[in-house]
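Report on the following structure.
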Amino acid sequence: MATQIKERVINLERTLDQFIVSMNRMLYETNKAIQDLKEEMRDFKEEMREFKEESRKSRERSEKEMREFKEESRKSRERSEKEMHEFKEESRKSRERSEKEMREFKEESRKSRERSEKEMRDFKQEMRNFKEEIRTENRRYNKEMGELSNKFGTLTEDLVIPAIRPLIKRYFGEELLDISPRRNKKIKALDLQGEFDVIGVSEDKVYLVEVKYYPSKSKVKTFREETIPRFKKLFPEYKDHLLVPIFGGLYLEQKVVDYATSLDIFALAYREWDYMDILNFKALREKK
């Protein structure tokens, strides 16, 4: 019994020793953990202090930068407002100058238009006066030229007609049985009339002569297309005679002579202003 109790006491003491050792180990580890924690806390606090200090400095820098930014923004806004004010003022002055210049331009344009209209009215009046003077002068000129043309027309006929008989004798070998200068005929039944410068009649031919002071191709054409057909209607008594058309003047241009030749019409005029002659007799004879 005593032995059992002793063993139990020994076991108990052993267990207690183990417990004490375990508790000492645990206490050591706890103290160590606490010490480590304290060190970590000191490090954390130091880091936190540094962080707070850095944050403070950063905030101060930010606040400083913000103040500087706000100040710069204020100054920039003031400059912008000043520039805008100056721009508006310059724009106002420029607009006023433009409006003034526009008013002056409109006024000058109005005066210029009035001057132009007045000048145009004066010009139109001068043109009307000039045209009236021209019409008056043209009427006087036409009257004088008409009188002069009549005189020259008669003169031309007076120069050409005397050459008809000898030229017909020379070129056609015929004596004229009758020659009628400035022959005028009218047939009321046909409502037809005509005036012919020279009509010369031989035994089998009738010579119709047209004399112009200003000969031209158009007058040759009129002689062919109007005068000759009218002669045939007014003088049917010569229907059995061979019609010989002669177109004459004091002077004929070569193109008029050539045109007359193309229409089988003899061209009568002065040859080199020396003597009256049929200028295309040879050309027409070779043509036929």
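Brief remarks on what is shown
- Meets criteria (in a strand (DSSP E or B) and out of contact with any helix residue (DSSP H, G or I) (no Cβ under 9 Å at 6 or more places or on another chain)) for ARG230: no
- Odd one out for ASP277, checked against (1) under 18 Å from PRO162 (Cα atoms); (2) outside any strand (DSSP E or B); (3) acidic (Asp, Glu): (2)
- Selection count, segment 171-186, where residues are surrounded by 13 or more Cβ atoms within 10 Å (Cβ to Cβ) and either hydrophobic (A, V, I, L, M, F, W, C) or in a helix (DSSP H, G or I) (or both): 4
- Qualifying residue in segment 251-258 (condition: surrounded by fewer than 21 Cβ atoms within 10 Å (Cβ to Cβ), at pLDDT 95 or above and at positive phi): no
- Meets criteria (surrounded by 11 or more Cβ atoms within 10 Å (Cβ to Cβ), more than 54 Å from the chain's Cα centre (by Cα) and either polar (S, T, N, Q) or not in a helix (DSSP H, G or I) (or both)) for LEU284: no
- First in segment 193-207 and free of Cβ contacts under 8 Å to residues at least 60 places away in the same chain and part of a strand (DSSP E or B), second anywhere and of a type in the set (Asp, Glu) and surrounded by 22 or more Cβ atoms within 10 Å (Cβ to Cβ), Cβ under 6 Å, 6 or more apart: ASP197/GLU210
The values are calculated or read from the model by the stated rules, or taken from the named source; none is laboratory data. Keep in mind that this is a model prediction, so the values were computed, not measured. Cβ coordinates were reconstructed from backbone atoms using ideal geometry, including for glycine residues, and neighbour counts include every protein chain displayed.
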